[in-house]
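First comes the structure, then the notes that go with it.
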Amino acid sequence: MYTAEKAPAKINLTLDVLYKRPDQYHEIEMIMTTIDLADRIELYVLSDGKIKVESESRFIPNDERNLAYRAAKLLKKRFLVTDGVRIKIDKQIPVAAGLAGGSSDAAATLRGLNRLWKLNLSTEQLAELGAEIGSDVSFCVYNSTALAKGRGEIITELPAPPPCWVVLAKPAQGVSTQSVYQSLNLDKITHPDTNGMLKAIENSDYKNICANLGNVLETVTLPKNPEVMQIKQQMLKSGADAVLMSGSGPTVYGLVKHESRAIRIYNSLRGFCEEVHVVRMLGTRQTLD
Ligand SMILES: C[C@@](CO)(OP(=O)(O)O)[C@H](O)COP(=O)(O)OP(=O)(O)OC[C@H]1O[C@@H](n2ccc(N)nc2=O)[C@H](O)[C@@H]1O
Ligand SMILES: Nc1ncnc2c1ncn2[C@@H]1O[C@H](COP(=O)(O)OP(=O)(O)O)[C@@H](O)[C@H]1O
């Protein structure tokens, strides 16, 4: 028995940090959406009860440290599942990039195993379980557009933003989410206008979505990675309507309405950055084609 799931990357349209909590997490408010850059997860039932992860990527662990493994283990333990699973990950999302690739793999594994192991859990229940794996996993279970609060696990779904193109550029060096949060100086941040972004999304107002992009974690990652700033400037120079770093970084994205402009930006980034993608913004739940 077999099933497959699409695990799309996310970008942050906003990311605000309100305060540091006593549990070492930060209370945040962020609006995220999905883009058409996705891993593919294949799940095969194993009758011996084992969980196995396979991937050709040399950037992710294939053992119990893999977030997809952790998702399978959580379901198996919580619901006393006797079957095991072979999890095959076709990795397309850059790793440690601020695009939630690992979280999306975990979420896709939860959704897929819910079917394969016939657990009958609701999306809300899967999102709750996802929060035990990582702060971004709940959002990734919904796999759409949402406001995330708390440490990221309190999700309110939003309508999809109007269609546009996203140019992604990832500098070579990955970034550790934990160290970015640790280095954040709350006295030095300008809070993004989360309500302004919510209104823009509700009105399907592309211009105001561009005007309200904001991410306080740029204050940590930009000074430490000058390449990120250079890419932002280059994207704006070659015609992006707005640019922002996603999550803890270092991936930068630029928004444009037309594909021809996206390709112009893509071409202008050659020499600046090794890894560049041109993709559509998605923002609604995805199934495999
Ligand atoms: C910054 C964001 C924005 O979407 O994503 P990425 O850039 O990683 O994609 C998220 O908040 C990352 O979520 P995720 O990567 O799931 O975080 P977790 O594994 O739960 O936590 C990693 C570490 O980040 C810090 N952390 C995380 C979330 C939060 N609200 N406050 C924190 O301080 C904690 O130090 C924690 O030990
Ligand atoms: N399936 C997975 N895909 C990507 N990274 C994974 C996975 N499982 C575990 N990881 C680990 O999670 C960390 C964060 O990876 P990722 O989710 O790609 O980045 P980010 O948190 O910046 O969005 C990496 O150090 C990686 O080794």
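Derivation of every value follows stated rules applied to the coordinates shown; laboratory data play no part. Model, not experiment: these values are computed from the prediction. Cβ placement follows ideal geometry from the backbone for every residue including glycine, while neighbour counts extend to all protein chains displayed.
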- Name the long-range amide H neighbours of residue 158: under 5 Å, sequence gap of 5 or more, or other chain; modelled H, no Pro or chain starts. 145, 146, 147
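If you take every residue apart from residue 50 with its C-beta less than 11 Å away from the C-beta of residue 50, what net charge results, scoring Lys and Arg +1 and Asp and Glu -1? Working shown, then result.
Values: positive: 52, 73, 76, 86; negative: 48, 83.
With Lys, Arg at +1 and Asp, Glu at -1, the net is +2.
Counting Lys +1, Arg +1, Asp -1, Glu -1, what net charge surrounds residue 89 among other residues with beta carbon under 9 Å of its beta carbon?
-3
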- Task: Can you give me the P(r) profile for the stretch 165-280? Cα pairs, bins 10 angstrom wide beginning at 0, each as a whole percent.
- Result: 14, 43, 34, 9, 0
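Calculate, in nm to one decimal, what residue 1 and residue 23 gain on full extension: separation in residues at 0.36 nm each, minus their alpha carbon distance. If you can, show how the numbers build up before the last one.
Details: separation 22, 0.36 × 22 = 7.92 nm, distance 4.12 nm.
Gain on extension, residue 1 to residue 23, equals 3.8 nm.
Net charge near residue 181: determine it from the other residues with C-beta under 12 Å of the C-beta of residue 181, scoring Lys and Arg +1 and Asp and Glu -1.
Charge balance in the 12 Å sphere: +2.
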- Task: Calculate how many DSSP beta bridges within the stretch 2-158 are antiparallel, expressed in % of all such bridges and rounded to the nearest 5.
- Result: 85
- Task: Relative to the longest principal axis of the C-alpha atoms of the chain, give the angle of the C-alpha long axis of helix 226-237, reported between 0 and 90° and rounded to the nearest 10°.
- Result: 60
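For the stretch 59-98, count all C-alpha to C-alpha pairs, find those more than 15 Å apart, and express that count as a whole percent of the total.
In whole percent, the long-distance tail amounts to 48.
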- Structure-based [θ]222 nm, the chain - -39500 (n - 2.57) summed over DSSP H runs of at least 4, per residue, nearest 500: -9000 deg cm²/dmol
- Message: Student exercise: in the stretch 1-117, how many lysine pairs 8 or more apart or on different chains have Cα atoms under 14 Å apart?
- Response: 9
- Can you pull the one-decimal nm distance between simple spin-label points at residue 211 and residue 54, each 7 Å off the Cα toward Cβ? 5.3
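Which order do the peptides 228-241, 209-222, 268-281, 103-116 take when ranked by the mean count of other beta-carbon atoms within 10 Å per residue, highest first?
Top to bottom by mean Cβ count within 10 Å: 103-116, 209-222, 228-241, 268-281.
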